[in-house]
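Every read-out reported here was derived from the displayed coordinates using simple, explicitly stated rules and does not represent laboratory data. Predicted model only: the values in this text are computed from it and were never measured. Counting neighbours? That spans all protein chains shown, and the Cβs are built from the backbone with ideal geometry, glycine included.
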Amino acid sequence: MTYKIVSFFIIFGTAGLMLYGHTANSHFISHLTENHSHRAVEAEEPVPELIIRLEETEGGYLLHEETEHFRFTRDEAVTPGGHGHLYVNGEREARVYAFPYALGELDPGTEITLVLADHEHRILTTGGYDISSNATIK
């Protein structure tokens, strides 16, 4: 019985450490989108527009968005659509599909960036620049 318990902890402990290392590596980025493929919005397509705003609440901050020519959705039949990659101080924190999005407590000076991505997880660009919006906690 002891053998089974020890084996269980060794196997799942090792798997947990490997998963943690992968996750930590995946979220550590020096430039926001350099590790992602990109897709330029075609000339005949309307260019998506994105504006984010932060709302301070008792429980922390909420992230709100306003978009044109883009829909946040998991439904791959909806185009142009997809999700946002959320970065806090340059580190990727989440994939966002719905708003308002709870950010929790944040310190003054914290920079929030949301970057649009399509259903194939490609960062949307126009004119060579990511389609994104930034806000800073005051």
Of all GluC sites (Glu not before Pro) in the stretch 30-127, which ones are in loop regions per DSSP and have a Cβ with at most 15 other Cβ atoms within 10 Å?
-> Glu34, Glu42, Glu44, Glu58, Glu76, Glu105, Glu120
How big is the charge dipole of the stretch 31-136 about its Cα centre, in debye rounded to the nearest 20, if each Lys and Arg gets +1 on its Cβ and each Asp and Glu gets -1 on its Cβ?
-> 220
Fully extended, how many nm does the chain gain between Tyr97 and His38 (0.36 nm per residue separation, minus their Cα-Cα distance)?
-> 19.4 nm
Measure of compaction for the stretch 31-136 (Cα Rg per 2.2 N^0.38 Å) | 1.05
When the chain is fully extended, how far beyond the present Cα-Cα distance does Asp75 get from Arg122, taking 0.36 nm per residue of separation?
-> 15.4 nm
Per principal axis, descending, Cα span of the stretch 55-108 in whole Å | 38, 22, 16
Relative contact order %, the stretch 31-136, counting alpha carbon pairs below 8 Å whose residues are six or more apart = 31
